[in-house]
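The values are calculated or read from the model by the stated rules, or taken from the named source; none is laboratory data. Since the structure is predicted, the reported quantities are computational estimates derived from the model, not experimental observations. These area figures cover heavy atoms from the full protein model, side chains too; ligands, DNA and RNA do not enter into them. Shrake-Rupley method; radii C 1.70, N 1.55, O 1.52, S 1.80 Å.
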Amino acid sequence: MKSQNLETNTQNTPSTICRSDVLEEKGQNGPTLAEIRHRAFEIHIERGGIHGCDLGDWLQAERELQEKYNKINDGRQKKK
């Protein structure tokens with residue numbers, strides 16, 4: 001297979017990337033990709049929709065949601 005330089009060959013590059021190979025199962029120990037994606041978009045909007053901070057938004061969303069799941073799971077363990 002011939003490798004292509006993605007910077008110069010944008011003709012065949014999709015404008016959006018779909019990850020149908022990634023399962024979005026609801027996990028008991030953490031947020032789904034859909035939940036993280038939704039929260040990251042909320043953070044993006046809260047910042048005024050300024051582009052260029054997508055990774056930071058994603059990581060913040062992941063962190064916030066994981067903390068939320070940790071609190072929920074800690075509460076369940078204490079009730080047992």
**Prompt:** Applying the Karplus parametrisation 6.51 cos²θ - 1.76 cosθ + 1.60 with θ = phi - 60° to the phi angles of the range 52-67, what ³J(HN,Hα) value in whole Hz is obtained for each residue in order, glycine and proline being reported as x?
**Reply:** x, 10, 4, 5, x, 4, 4, 5, 5, 4, 4, 5, 4, 5, 5, 4
**Request:** With a 1.4 Å probe and every protein chain left in place, work out the accessible area per residue of the range 39-80 in Å², rounded to a whole number.
**Result:** 81 Å²
**Request:** Would you mind estimating how fast the range 32-80 diffuses translationally, via Stokes-Einstein at 4 °C and 1.567 mPa s with the Kirkwood radius over Cα pairs, in µm²/s?
**Result:** 111 µm²/s
